[in-house]
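Report on the structure given below.
The values are calculated or read from the model by the stated rules, or taken from the named source; none is laboratory data. Every value quoted in this text rests on a predicted model; they were computed, and no experiment measured them. Note: ideal-geometry Cβ built from the backbone for every residue, glycine included; neighbour counts use all protein chains shown. Accessible surface areas use protein heavy atoms only, side chains included; no ligands, DNA or RNA. Shrake-Rupley method; radii C 1.70, N 1.55, O 1.52, S 1.80 Å.
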Amino acid sequence: MRASLRSLLLLVALLLVGRAATAQLLSPGPLAAPHASLEGDENCGRCHTSGRGTSNGLCNGCHGSVTKQGLHARAFGGPCAKCHSDHRGRGFALVRFSPNGFDHGQTGWPLQGKHGSTKCAKCHKPGTWQNVSRACKSCHKDPHDNRFGANCLGCHNESNWKTVSLKSFNHDLSRFPLKGAHRSAPCGNCHGSPARYRGLDFGNCTACHQDPHRGRFSSTCTNCHNESNWHQVVMKPGAHPGLSLANGHARVVCGKCHDRGQFVSPSKGRACVGCHKPVHEADFGKGCQKCHASIRWLGLPRRTGLRAHKKTAYQLEGEHEKVKCDGCHTPSKPAQQRFRELTFDRCNGCHEDKHKGEFKSRSGGECGACHTVSGFAPALFGIQAHSTTKFPLVGHHTAVPCASCHDKHPKKGPRMDWRGAKESCESCHENPHGSQFSKEMKKGGCAECHSPLDWHSPKIDHSSWPLTGAHASAPCARCHTPTEADRKTGRGASYRGTARKCEGCHADVHLGQFRLSKPAKACNFCHDTSHFKIRKFPHEKRTGYPLEGRHAQLACDKCHKSVASKSGKKATRYRLGYSGCKDCHADPHAEADK
């Protein structure tokens with residue numbers, strides 16, 4: 001009964017508190033500020049295990065990175081709650097650390113030398129007791145700009161930064177690597193005593209060594225001397241004053257030229273012609289060094305050859321400027337044949353005759369008549385040159401591409417056939433007339449009517465049916481149109497058998513009045529070819545009925561009215577079939593007679 005009462009009281013208390021209550025009914029006290037987000041009965045399992053209190057395993061779930069390194073990993077063990085107990089209110093400090101008297105060696109990095117007197121805040125910024133870098137450059141500026149790497153303790157110590165130990169120093173990492181005799185030289189010879197390591201002048205040998213030549217030669221001693229043996233003199237190419245010692249000169253002993261002493265100018269002077277006889281027939285002058293600066297007799301740079309070629313008997317122009325020197329001066333030939341004995345009076349001396357002798361009758365097949373050094377194509381064989389062949393180009397033929405008439409050669413591959421086999425019109429042009437003009441074709445071909453000047457302006461003898469009036473200006477196609485048979489065979493317009501009567505081309509607007517009624521009258525009885533509309537009709541002469549008196553003033557349609565035929569077509573009626581007065585006028589005397 002008492003247990004039931006307790007449960008009832010507990011239930012009433014929960015209802016009174018409500019869901020919005022922030023306190024824990026079963027908590028031993030409020031959590032510290034860092035754990036405030038874990039407040040509430042539902043979060044107890046985040047830190048506590050049933051019946052066992054707090055668990056290091058649960059603590060490591062959030063703070064594992066702290067316990068696996070540094071001080072905690074080295075010096076501490078046991079339950080976390082031993083040092084970091086909670087439920088003592090929001091203001092309780094979970095971490096209570098005092099650096100005073102702290103043994104820094106427990107972190108794995110004991111403080112030695114000057115580091116032992118350094119204040120904690122110099123390395124540990126507020127709130128950063130862990131993960132502090134141990135590298136020297138994280139706190140100290142590297143005056144060597146990382147030239148010697150990150151291991152500062154290789155030369156320096158923690159007690160006195162300026163005290164330097166050079167036993168393990170690698171001088172090759174410095175701006176002046178030690179080579180040859182410099183490796184065995186005492187450090188003090190260069191760095192002095194007390195030692196000075198910065199601001200040393202090592203750009204010139206004369207900063208340490210006395211110049212025995214007293215400035216007579218270049219200040220770059222390494223042009224002749226080396227660091228291993230000062231007395232061994234080997235002059236570098238380009239270092240010799242006034243004259244290159246490259247290639248051929250490199251094999252000449254000094255005394256060969258310096259006959260008055262090695263440090264005295266030769267008695268023959270410095271000019272090339274002092275020792276070498278000029279070999280060029282072209283006037284290249286005495287400045288041999290302009291081309292042979294590296295003392296190379298043959299195989300000169302291309303730019304040198306192009307510059308000098310202008311003074312030779314054969315100047316390079318057009319496409320020849322792009323040809324490699326070896327293309328003409330074949331290396332396999334002796335020097336005499338390669339340069340002096342080259343022939344260049346004819347193109348076929350270097351170029352193969354692509355036409356295989358087809359143009360041998362023209363200047364012996366010399367290419368210059370059709371081609372230039374600017375390019376093999378396009379050829380210079382134009383209209384004027386074509387007039388010297390069997391087929392001069394006139395009219396529209398002047399604009400026709402060469403390949404349209406000159407097909408590929410049947411035996412010589414992709415080249416065009418220049419023999420000019422196509423000379424007749426029908427060899428290139430299709431005959432649109434079929435057999436209509438077979439007689440003319442046998443006589444003179446297409447040229448009997450047509451000219452290359454204009455295919456559409458033929459020379460036609462129209463005397464068998466003269467063109468007069470409007471017929472003279474009418475397009476040919478108005479009368480000569482393709483027939484149905486022409487269309488089926490694909491031929492052009494018909495010229496034979498064209499109708500010569502008016503009704504063959506023109507429609508009968510009179511609906512057969514003059515064709516079908518006797519006496520029949522042709523169109524030219526009233527009309528002529530100049531104008532279809534009759535300008536002045538001789539009424540009496542053509543009809544036998546003179547227009548006199550009032551009749552002369554009447555309009556034509558007063559008598560000749562428009563009527564409809566049985567087919568429904570309308571036409572003006574000109575053949576009336578009557579000519580008496582009573583046919584048009586009523587008799588006014590008929591009533592009086594009665």
- Under 5 Å from the placed amide H of MET416, counting only residues 5+ away or on other chains, we find HIS409
- Query: So if we plug the beta-carbon distance of GLU440 and ALA474 into 1/(1 + (r/R0)^6) with R0 = 30 Å, what FRET efficiency do we get, rounded to 0.05?
  - Reply: 0.85
- Farthest towards the positive end of the dipole of the chain, among ALA590, ALA282, GLN262 and with Cβ unit charges of +1 on Lys and Arg and -1 on Asp and Glu, lies the Cα of GLN262
- What whole-number value in cubic angstrom gives the convex hull volume per residue for the C-alpha atoms of segment 29-147? 148
- Residues HIS585 and ALA507, FRET efficiency given R0 of 35 Å [Cβ-Cβ distance, rounded to 0.05]: 0.50
- Message: If you filter segment 321-374 for GluC sites (Glu not before Pro), then keep DSSP loop positions with at most 14 other Cβ within 10 Å, what is left?
- Response: GLU341, GLU352
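So which DSSP H runs in the chain come out at 24 Å plus along the axis (Cα) with average Kyte-Doolittle of at least 1.0?
Within the chain not a single helix satisfies the rule.
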- Message: Cut-off under 25 Å on the C-alpha distance; same-chain residues fewer than 8 positions from LYS558 excluded. Which lysines are left, in chain and number order?
- Response: LYS518, LYS521, LYS533, LYS536, LYS541, LYS566, LYS569, LYS570, LYS582
- Message: Below 8 Å, C-alpha to C-alpha, sequence gap of six or more: please give me the relative contact order for segment 121-205 in percent.
- Response: 15
- segment 278-374: trypsin sites (Lys or Arg not before Pro) falling in loop per DSSP and having at most 16 other Cβ within 10 Å: LYS286, ARG296, LYS310, LYS311, LYS324, ARG346, LYS354, LYS356, LYS360, ARG362
- Task: Would you work out which of HIS329, ALA399, CYS425 lies farthest towards the positive end of the dipole of the chain? Charges go on Cβ: Lys and Arg +1, Asp and Glu -1.
- Result: HIS329
- Label points 7 Å out from Cα along the Cβ direction at LYS566 and LYS390: separation in nm? 7.0
- For the chain: relative contact order, % (alpha-carbon pairs under 8 angstrom, 6 or more apart): 4
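Please sort 216-224, 27-35, 454-462 by packing, taking for each peptide the average over its residues of neighbouring beta carbons within 10 angstrom, highest first.
For the peptides 216-224, 27-35, 454-462, the packing ranking is 27-35, 216-224, 454-462.
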- Message: Could you give the length gained by full extension between PHE339 and ARG496, i.e. 0.36 nm per residue of separation minus their alpha carbon distance, to one decimal place?
- Response: 49.1 nm
- Message: From the phi angles alone, apply the Karplus equation (6.51, -1.76, 1.60; θ = phi - 60°) to segment 107-114 and give each ³J(HN,Hα) in whole Hz, x where the residue is Gly or Pro.
- Response: 7, x, 9, x, 8, 10, x, 5
- Message: Among the listed pairs LYS422/LYS501; LYS310/LYS333; LYS324/LYS356, which have their C-alpha atoms separated by more than 31 angstrom in this model?
- Response: LYS422/LYS501
- Task: Kindly provide the helix-only [θ] at 222 nm of the chain, computed as the sum of -39,500 (n - 2.57) over DSSP H runs of four or more divided by all residues, to the nearest 500 deg cm²/dmol?
- Result: -3500 deg cm²/dmol
- Cα-centre dipole for segment 547-590 with unit charges at Cβ (Lys and Arg positive, Asp and Glu negative), debye to 20: 360
- Task: Would you mind working out the magnitude of the charge dipole of segment 258-373 relative to its Cα centre, with +1 at each Lys and Arg C-beta and -1 at each Asp and Glu C-beta, to the nearest 20 Debye?
- Result: 560
- Item | Magnitude of the charge dipole, the chain, Cβ model with Lys/Arg +1 and Asp/Glu -1, debye to 20 | 960
- Message: If you count only protein heavy atoms with a 1.4 Å probe, what accessible area per residue comes out for the chain, rounded to a whole Å²?
- Response: 78
- Each label point is 7 Å from the Cα along the Cα-to-Cβ direction; what then is the distance between the points at MET416 and LEU178, in nm? 8.1
- Query: How large, in percent, is the carbon and sulfur part of the accessible surface of segment 152-196 at a probe radius of 1.4 Å?
  - Reply: 57
- Item | segment 35-70: trypsin sites (Lys or Arg not before Pro) in DSSP coil with no more than 13 other Cβ atoms inside 10 Å | ARG52, LYS68
- Query: Of (i) 24.2, 77; (ii) 60.9, 175; (iii) 25.9, 84, which is the value of Rg and Dmax of the Cα atoms in Å derived from the coordinates here?
  - Reply: (ii)
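Can you tell me the FRET efficiency between ARG487 and CYS556 if r is taken as the Cβ-Cβ distance and R0 is 41 Å, rounded to the nearest 0.05?
In this case the efficiency is close to 0.45.
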- Item | Amide N proximity, segment 173-193 versus SER228 label position 7 Å along Cα-to-Cβ, cut-off under 17 Å | 178-185
- In whole angstrom, how long is each semi-axis of the equivalent ellipsoid of segment 342-464, when you take the square root of 5 times every eigenvalue of its Cα gyration tensor and sort them from largest down? 38, 15, 12
- Among VAL252, CYS80, SER65, which residue has its Cα positioned farthest towards the positive end of the charge dipole of the chain, with +1 placed on the Cβ of Lys and Arg, -1 on the Cβ of Asp and Glu, and the dipole taken about the Cα centre? CYS80
- Query: At what distance in angstrom do the alpha carbon centres of segment 47-94 and segment 448-497 lie from each other?
  - Reply: 116
